[in-house]
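To start, the structure under review is shown below, and the notes come after it.
The values are calculated or read from the model by the stated rules, or taken from the named source; none is laboratory data. In this text the structure is predicted, and so the values were computed from the model without any measurement. Cβ coordinates were reconstructed from backbone atoms using ideal geometry, including for glycine residues, and neighbour counts include every protein chain displayed.
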There are 4 protein chains.
Amino acid sequence: MTKVKTGILGATGTVGQRFIVLLSSHPQFIIHSIGASSRSAGKKYVEATKWKMTSDIPEQVKEMVIKECKAEFFNDCDVVFSGLDSDVAGEIEMEFLKADLVIFSNAKNYRRDPVVPLIVPTVNPSHFNIIPHQRSVYSLKKGMLVTNSNCSTTGLVVALKPLQDAFGPIESIIVQTMQAISGAGYPGVSSLDIFDNVIPFISGEEEKIEYETLKILGELNSNQKEFKLLSSTNVSAICNRVPVIDGHTECVSIKFKNQPSPSPQQIIDVLDSYACEAQKIGCYSAPKKSIIIRYDNDRPQPRLDRDNGNGYSVTIGRVRKCNVLDVKFTLLVHNTVLGAAGSSILNAEIALSKGLLEI
Amino acid sequence: MTKVKTGILGATGTVGQRFIVLLSSHPQFIIHSIGASSRSAGKKYVEATKWKMTSDIPEQVKEMVIKECKAEFFNDCDVVFSGLDSDVAGEIEMEFLKADLVIFSNAKNYRRDPVVPLIVPTVNPSHFNIIPHQRSVYSLKKGMLVTNSNCSTTGLVVALKPLQDAFGPIESIIVQTMQAISGAGYPGVSSLDIFDNVIPFISGEEEKIEYETLKILGELNSNQKEFKLLSSTNVSAICNRVPVIDGHTECVSIKFKNQPSPSPQQIIDVLDSYACEAQKIGCYSAPKKSIIIRYDNDRPQPRLDRDNGNGYSVTIGRVRKCNVLDVKFTLLVHNTVLGAAGSSILNAEIALSKGLLEI
Amino acid sequence: MTKVKTGILGATGTVGQRFIVLLSSHPQFIIHSIGASSRSAGKKYVEATKWKMTSDIPEQVKEMVIKECKAEFFNDCDVVFSGLDSDVAGEIEMEFLKADLVIFSNAKNYRRDPVVPLIVPTVNPSHFNIIPHQRSVYSLKKGMLVTNSNCSTTGLVVALKPLQDAFGPIESIIVQTMQAISGAGYPGVSSLDIFDNVIPFISGEEEKIEYETLKILGELNSNQKEFKLLSSTNVSAICNRVPVIDGHTECVSIKFKNQPSPSPQQIIDVLDSYACEAQKIGCYSAPKKSIIIRYDNDRPQPRLDRDNGNGYSVTIGRVRKCNVLDVKFTLLVHNTVLGAAGSSILNAEIALSKGLLEI
Amino acid sequence: MTKVKTGILGATGTVGQRFIVLLSSHPQFIIHSIGASSRSAGKKYVEATKWKMTSDIPEQVKEMVIKECKAEFFNDCDVVFSGLDSDVAGEIEMEFLKADLVIFSNAKNYRRDPVVPLIVPTVNPSHFNIIPHQRSVYSLKKGMLVTNSNCSTTGLVVALKPLQDAFGPIESIIVQTMQAISGAGYPGVSSLDIFDNVIPFISGEEEKIEYETLKILGELNSNQKEFKLLSSTNVSAICNRVPVIDGHTECVSIKFKNQPSPSPQQIIDVLDSYACEAQKIGCYSAPKKSIIIRYDNDRPQPRLDRDNGNGYSVTIGRVRKCNVLDVKFTLLVHNTVLGAAGSSILNAEIALSKGLLEI
């Protein structure tokens, strides 16, 4: 099989490093070009990067020369992954799109764009159906821009999608997060701020959850040109930073529109049997189970459950009745795998399977 | 002024150690007797105790000989504070009560007893009014048993009391906690369980919050003999252990019965101006402000705010609208001061002020 | 190839759990029997165990029934690994040995025994040569008892062995450790003791390092019946517990007997080129490099380097002159892999290669 | 008593914040002027500062307007404390000195200057005797520049000074440190670097310890014009960063020139009875005991011992024989009190007592 040539933008940052780790052993993708800021451009990767992963820099990447993030330098990439910071992602990704390149972006800039899909790979791959319309809007032949979701939103919608499918609309969602420090990048959170502490605020995070959930769980119009956001669902998000390295824990309470609401056991059964499309079509990174149910009272725990399904599964436990809404549970998502770089990669695998990439 | 002679039960444990620290510099109380298990009884305190406070064992306590927790050994104490574990507190405290002693207990055993008040000192000191009835039930002359609340409940009701007073009944409460390790005592939580981790479960904790809130915020019948628990308030509690040493953080969402609900600013104004009875009657340990409002987005934080008001204040921030219920905010309570030993002591100060103690 | 049937004693503890993880995917060994205390015996493993590894209990082990640690129940095991606590290991291991079983033990009890070898697999496999003598002393046909070293000692001797070989006797060693909490087992270190803290003492640890180093780096007499401990080497160990989950860091200063002493660069060259016998004879678990040199100033670091060589490599950095002794450096060893269960397993692989096991 | 008007340079940084906390309740000193970078100058302190102390900003400081760090704005200060970063301290402090101001500096820039004393207040206040010579060199009437030591060196020399006085010259010192994150300022150490980790390197720290120890424990020539550094003492320092908020732990091994060396008990006796000059002359911040001996095996510990003597005491434990040098022990120093701002303040108190300040 011809390998898919990939480029990585923002390759020296924490999301970029995760892209490199995940792609370096990928059977279908090869790392062809890496891009970073003009400060790093021209340098060897090993020299320009403060590497922070727990495995070494892959040998094939060490000596690669970093390019500037300009479309002309990535023209021969079949797919470009963007781990760019939001302050530069807007301009660069648009330049790449207009140059008819294929971009899978982890940045927030175009998530709310009406012709850009916001796809959590184990949840709403049907939103790829807007791509023909997107290409027509931008007069593209093969290019496209696909975003994936905020890390906390990702975990949430994986849990809610099968419930919505099985039990109908969800009227109310209260989600409270306990988020890992790796979500803030590097150097990110100062140790003096988070040791022996909780920070009850993450800038912009609650707004992202409250919006993105509605787009991801919403539908594409029948003309495949417009997203219908959920309009009768109320989402209230409360975000906290806790002293955990990787893995976002989320306490979720929900109320269904249809009453009587399902029992905790019915909820568990539906979550446990959820099989996403990416699994069915055999995507390499798709986890055997999108959702893993833990029956011990004290699970999921970030340190013990974040690597479930190689970081692509969401782990759910403590499903029980809520005295205020209908039901509550706790979920865990690996914020830098499924919650970031992994979503981009699995999205690209889905696009490849669906024939959306010209290789 | 004659000093009040106090006894401390469970003096070698973590709550007992906190009692000793707080009482050792108290202007009205002196430590007269200390009790612990028969394993420690007969030994000097300094020898029997694995001391874990950050200040040294007070000099006057080091050489005190530990007694068994039997009423006969505490007969000459005006007040007995109990930091006993719940597996022994039930029997011992009842023996003390029947011996006509005055017990302020941090244990959970009698919190649900119909003639035992459950008092958070800055919230519901009016519940002391059941004491005459309690004495009559047990045929006591001067003895009484007063409990204080679970640590997380304590923080919650301090915030809710002024709101209920100002805006009427609260219909729904969803509270999610991030609790410190010191709440589990010593050795308590294994470091292997909580490093780089969150434990999404604390045994019995959610049930305590869901019950105790209703008793504390409820009323004593006009005959002063019976507690009327709140009957139209739904409480849903979600409890987590996080890697923090001291200070429980709680994310609270509430809905009022009366609509339209107050604005965030009205809520802030009421919280900020709350003055509890213990302050008004000049109790030594009563904080200048029961509630401290923080206006920075990223506060309260346990490491920075737990010692506010010497650990007797509750700090509240992030008051804002909730998309599902009416309003949400984050609060912080020092779990081993106001949330445990401090409540017992301040309750005793109130009882003293009210003339309920025979000194 | 016929698989080697293995038994695991102390299978529910932290060392036992590590044995299970490492053996469950081993190409030569299969887990045949598991033993634990009589409290657990008769139960299924999954029910008796508070599992603390970050991967799940291997499927084949979950339903295995735990046996009592008696030789009669492990008679059909080719090799028995012991992760027993020292308070019971002495008696049980001796019973197994006398029953002519093969035991590789992580316990400290027989490390100082004059006919029991103390083997760090990447350092002194030549000490297996005492086995014929051991068998003769105990009248064994195929049984034997082999111990591996204390976790901190293990890291130290891996660094010192090639230096001793290349530059002659080491006169003085000062080693100061910063040890991970996992070294204390479960529940082990209370979070209240080690959060935001260092504990400058680990019971018995300094004595172990000061003794075991001399036995491991010493020789077996030419008659292969007696260990000659190093007699002219002074070892001073200083042990601390730090808030790290896995991986012991050790700061080492040494002085050679032969002067002038080698330069830091000569030291680095010798360490970097060290190839241990286990690598040469192709043992499965032997790391590609026993010693990995890091050239960055700020390495090795436990979180980033502990998994080097799957936990079987020792990582060394900061090799430089010492103003008091000759040279100093910092090393890192994975305390529960090479420093514990992994040593036992690699020792068994060596014994298998050397034809010491009857399979 | 007329209060001493003080200025604080670098007032918004972590050392500056500690100066403010310590000075705000000082009986002799008042905070008169505060200085910071031109970016902050002109703003109110409360608005320009990311306050990180666990107590609130003192009321009297909140509204103070920050000045630029120019001598003309601090002319009316009797004493100026400098918590400046080393990249700007050199120029600014020299400008202040030449303007005849009195500066007590925590910065490293002039510690090696031949006419600037490097004073740990509980160790070598006799080095103030160079001030007349310094004034003559710079043609000053009342100004002077006094530095205090690196935080780790501070703890070390407090322990060594009484030993040197009692037992004669120390020939060799090996010190290995485990340093708190607060020593790196704010934001300082990234949480991703230090969670579940040790960093075995702190830039420039080992060199500081190896030099400053020799100057502090050395003597001023009889002409009071020149420092004689210890010339026959070898110091080897090994510095590590550990996940601790405040308090540097140091493992020290030493060898005396005079043999036989003192016994551990003799060492303990000398350390325990050490009374520094600052205590004798009644300086306000001088601790009752400069050195506190802990007899428990597992002490000192940073979380439990750092606040001993309000952070001005050094706590020492585990005094015992060393197999390589003569004796070893573990010490703890509060790195931001005695190890930084506190030293500057206590030095100023000593200068005041000695009549070196014109008030």
Inset, instruction - Return yes or no: is residue D:42 crowded, with 17+ Cβ neighbours inside 10 Å, among the small types (Gly, Ala, Ser) and either over 22 Å from residue D:104 (Cα atoms) or out of contact with any helix residue (DSSP H, G or I) (no Cβ under 6 Å at 6 or more places or on another chain) (or both)? - result: no
Legend entry - Residue, surrounded by the fewest Cβ atoms within 10 Å (Cβ to Cβ), within segment B:22-33, restricted to residues that are over 15 Å from residue B:343 (Cβ atoms) and modelled with pLDDT of 95 or more: B:27
Legend entry - Neighbours by Cβ (under 9 Å, 6+ apart or cross-chain): first from segment B:123-146, among the charged types (D, E, K, R); second modelled with pLDDT of 95 or more and assigned to a strand (DSSP E or B): B:135/B:144; B:142/B:102
Legend entry - Those residues of segment D:181-204 which are more than 7 Å from every other protein chain (Cβ to nearest Cβ), under 18 Å from residue D:51 (Cα atoms) and surrounded by fewer than 23 Cβ atoms within 10 Å (Cβ to Cβ), in sequence order: D:184, D:185
Legend entry - Residue that is nearest to residue A:167 (Cα to Cα) [pool: residues in segment A:250-264 that are over 29 Å from the mean Cα position of the chain (by Cα) and not hydroxyl-bearing (Ser, Thr, Tyr)]: A:258
Inset, instruction - Identify the residue in segment A:48-76 that is loosely packed, with under 14 Cβ neighbours inside 10 Å and in contact (Cβ under 8 Å) with a residue 40 or more places away in the chain and, among all such residues, is farthest from the other protein chains (Cβ to nearest Cβ). - result: A:76
Legend entry - Boolean, residue D:216 is more than 30 Å from residue C:302 (Cα to Cα) and buried (at least 22 other Cβ atoms within 10 Å of the Cβ): yes
Inset, instruction - Determine which single condition residue D:195 fails, assuming it passes every other condition in (1) touching a residue at least 60 places away in the same chain (Cβ under 8 Å); (2) touching an Asp or Glu at 6+ places or on another chain (Cβ under 7 Å); (3) farther than 17 Å from residue D:331 by Cα. - result: (1)
Inset, instruction - Return the only residue of C:352, C:331, C:357 being touching a helix residue (DSSP H, G or I) at 6+ places or on another chain (Cβ under 6 Å) and surrounded by fewer than 21 Cβ atoms within 10 Å (Cβ to Cβ). - result: C:357
Legend entry - Among (1) surrounded by fewer than 24 Cβ atoms within 10 Å (Cβ to Cβ); (2) more than 14 Å from chain C (Cβ to nearest Cβ) - the single one residue B:156 does not satisfy: (1)
Inset, instruction - Would you be able to say whether some residue in segment C:102-122 is assigned by TED's automatic domain parsing to the domain that holds residue C:252 and among the acidic types (Asp, Glu)? - result: no
Legend entry - Residues of segment B:55-95 classified as under 17 Å from residue B:140 (Cβ atoms) and in contact with a strand residue (DSSP E or B) (Cβ under 6 Å, 6 or more places away or on another chain), total: 7
Legend entry - Among the residues listed as A:168, A:155, A:185, the single one being assigned by TED's automatic domain parsing to the domain that holds residue A:270, of a type outside the set (Lys, Arg) and at pLDDT below 95: A:185
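Yes or no, residue by residue, for (1) of a type in the set (Val, Ile, Thr); (2) more than 30 Å from residue A:232 (Cβ to Cβ):
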site	(1), (2)
B:305	no, yes
B:311	no, yes
B:318	no, no
B:336	yes, yes
B:349	no, yes
Inset, instruction - Would you check if residue C:216 is at pLDDT 95 or above and within 10 Å of another protein chain (Cβ to nearest Cβ)? - result: no
Inset, instruction - Pick out the one residue from B:258, B:323 that is farther than 30 Å from residue C:244 by Cβ and free of Cβ contacts under 8 Å to residues at least 12 places away in the same chain. - result: B:323
Legend entry - Selection from segment B:218-238 of residues that are under 27 Å from residue A:322 (Cα atoms) and in a loop (DSSP other than H, G, I, E, B): B:218, B:229, B:230, B:231, B:232, B:233
Inset, instruction - Select from segment A:284-326 the residues that are of a type in the set (S, T, N, Q), over 23 Å from residue A:261 (Cα atoms) and within 11 Å of chain B (Cβ to nearest Cβ) and list them in ascending order. - result: A:301
Inset, instruction - Select from segment B:307-328 the residues that are small (Gly, Ala, Ser) and surrounded by fewer than 24 Cβ atoms within 10 Å (Cβ to Cβ) and list them in ascending order. - result: B:309, B:311, B:317
